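A.B. asks: Quick one: this structure, given as structure tokens, is what I'll be asking you about.
Rule-based calculations on the coordinates, nothing more; no lab input. Small disclaimer: the values here were computed from a predicted structure and weren't measured. Cβ placement follows ideal geometry from the backbone for every residue including glycine, while neighbour counts extend to all protein chains displayed.
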Amino acid sequence: MKGKPRIILFQCQYCLASSTDQDWVEHDLPKNIKLVKVPCSGRISPLFIMNAFQKGADGVMVSGCMPEKCHFINSNLGARRQLDEFRKFLIFLGLEPKRFKFLWMNIDERGVIQKEIAAFTAELKKLRPNKKFNSLKGEIIGQNYG
Amino acid sequence: MVMMGMREKAFDSPTTWLCSSCDLCYSACPMEIHISGVITAVKELAIEAGYLSPLKTAQVNTKTCVACGLCVEVCPYEAVHLVEKDVPNRGKNLTVAEVDSGHCMACGLCSSVCRSNSIELKEDYTDEMVVDSLSSWLTGESAKETA
């Protein structure tokens, strides 16, 4: 792929424990990445990811807390159940499951998110840009909830 | 504090309402005090005394709820229940989900599993807000930059 892949980063608001990492994600993200903050990774409905791909995102990354470290008892397990199933569903859409990545951030670690984003960007560069749903642009189907 | 007669102060304190019982403090406490258990007990007393949670808790759209029970299953706080009630413009004695706003911690898991988009967090992080911010970026700014 020429140019930079466009990535949507969903972030649970409790998963980055260090303030330097949190600052980096909020202010110094590369311009090809869009941050969407949610209260918990459980809030991320598969429809959001579907919508991002429909509008032409090349990759979607979700970062949440480790199991048993979730701020909301076990909401992140609910997220994994939904989103892992959804990843399998991507094949039926004609998209590579590689385009979607679910990350578990450990609260003890520092500087992991930067590395993971760099690795994910490099991986997406090998794939073709996502133009699967370009023909749908402007139609009702792409307008709201897909 | 409750025992010492400082009820109002304990019930008004944000700690009472913002503790989500994640129990990260429990594993760190050298005296092995189950802190969230204490806070939950205070919260129950506060709910009984008629205090309301300051959080923007989930809300059910009773007109579209089909009472499938998915939200009831997933809620980590057991804050959602199926109840029978009258829904204006729809019918009487219908089974719909209802959120107990005292126990809801506004994590949003219920709204992500809801298949009929009938349960949403108040004001913050509604489906529309998330999808709008996504699509405005994807169709606007970023399209110019990467083209």
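A.B. asks: Short version: ³J(HN,Hα) in whole Hz for each residue of the range B:36-48, in order, from phi by Karplus 6.51 cos²θ - 1.76 cosθ + 1.60 (θ = phi - 60°), x for Gly and Pro, what are they?
C.D. replies: Per-residue couplings from phi come out as 5, x, 5, 5, 4, 5, 5, 4, 4, 4, 5, 5, 4 Hz.
A.B. asks: Can you give the Kirkwood hydrodynamic radius for the protein assembly as shown, in Å, rounded to one decimal and based on Cα pairs?
C.D. replies: Computed over Cα pairs of the protein assembly as shown, the Kirkwood hydrodynamic radius comes out at 20.8 Å.
A.B. asks: Evaluate the relative contact order of chain A (contact order divided by residue number), counting alpha-carbon pairs under 8 angstrom at least 6 apart; express in whole percent.
C.D. replies: 33 percent
A.B. asks: For the range B:53-105, which GluC sites (Glu not before Pro) pass both filters: DSSP loop (anything but H, G, I, E, B) and at most 14 other C-beta atoms within 10 Å?
C.D. replies: Those that pass, being in a loop and sparsely packed, are B:GLU78.
A.B. asks: Over 30 Å between Cα atoms: which of A:LYS34/A:LYS98; A:LYS115/B:LYS122; A:LYS55/A:LYS125; A:LYS69/B:LYS56 fall into that group?
C.D. replies: Beyond 30 Å: A:LYS115/B:LYS122.
A.B. asks: May I pose another question? What does the charge count around A:LEU9 come to, taking other residues whose C-beta lies under 12 Å from its C-beta (Lys +1, Arg +1, Asp -1, Glu -1)?
C.D. replies: +2
A.B. asks: Give me the net charge of B:SER101's neighbourhood, meaning all other residues with Cβ under 13 Å from the Cβ of B:SER101; Lys, Arg count +1, Asp, Glu -1.
C.D. replies: +1
A.B. asks: Say the dipole of chain A comes from +1 at the beta carbon of Lys and Arg and -1 at that of Asp and Glu; which of A:GLY111, A:LEU90, A:TYR14 then lies farthest toward its positive end?
C.D. replies: Of A:GLY111, A:LEU90, A:TYR14, it is A:LEU90.
A.B. asks: Another question, if that's okay. Taking loop as defined by DSSP and a crowding limit of 11 other beta carbons within 10 Å, which trypsin sites (Lys or Arg not before Pro) in the range A:20-112 fit?
C.D. replies: Hits after loop and neighbour filter: A:LYS31.
A.B. asks: Where does the range B:58-123 land on Rg(C-alpha)/(2.2 N^0.38 Å)?
C.D. replies: Ratio of Rg to 2.2 N^0.38 Å for the range B:58-123: 1.02.
A.B. asks: Among DSSP bridges having both ends in chain A, what percentage is antiparallel? Round to the nearest 5.
C.D. replies: Around 0 percent of the beta bridges assigned by DSSP in chain A are antiparallel ones.
A.B. asks: For chain A, build the charge dipole from Cβ charges (+1 Lys, Arg; -1 Asp, Glu) around the Cα centre, then report which of A:HIS71, A:PHE133, A:SER45 sits farthest towards its positive end.
C.D. replies: A:PHE133
A.B. asks: Which value does Rg/Rh take for the range A:13-74 over its C-alpha atoms, Rh per Kirkwood?
C.D. replies: Radius of gyration relative to Kirkwood radius: 0.98.
A.B. asks: Going by a ≥ b ≥ c, the root eigenvalues of the Cα gyration tensor, does the range A:23-122 fall in the rounded group (a/c under 1.5), the prolate group (a/b larger than b/c) or the oblate group?
C.D. replies: oblate
A.B. asks: Hey, what number do you get for the protein assembly as shown at 222 nm if only DSSP H runs of n ≥ 4 count, each worth -39500 (n - 2.57), divided across all residues, to the nearest 500?
C.D. replies: -11000 deg cm²/dmol
A.B. asks: Moving on. Antiparallel versus total DSSP beta bridges in the protein assembly as shown: what percent is that, nearest 5?
C.D. replies: 35 percent
A.B. asks: Still on this structure: Per the Kirkwood formula on distinct C-alpha pairs, the Rh of the range B:1-109 is how many angstrom?
C.D. replies: 15.8 Å
A.B. asks: If amide H atoms are built 1.01 Å from N in the plane of the peptide, which residues on other chains or at least 5 residues away come under 5 Å of the amide H of A:SER18?
C.D. replies: For A:SER18, no residues qualify.
A.B. asks: Another question about this same structure. Tell me which GluC sites (Glu not before Pro) from the range B:1-56 have a DSSP coil assignment and no more than 12 other beta carbons within 10 Å of their own.
C.D. replies: B:GLU32
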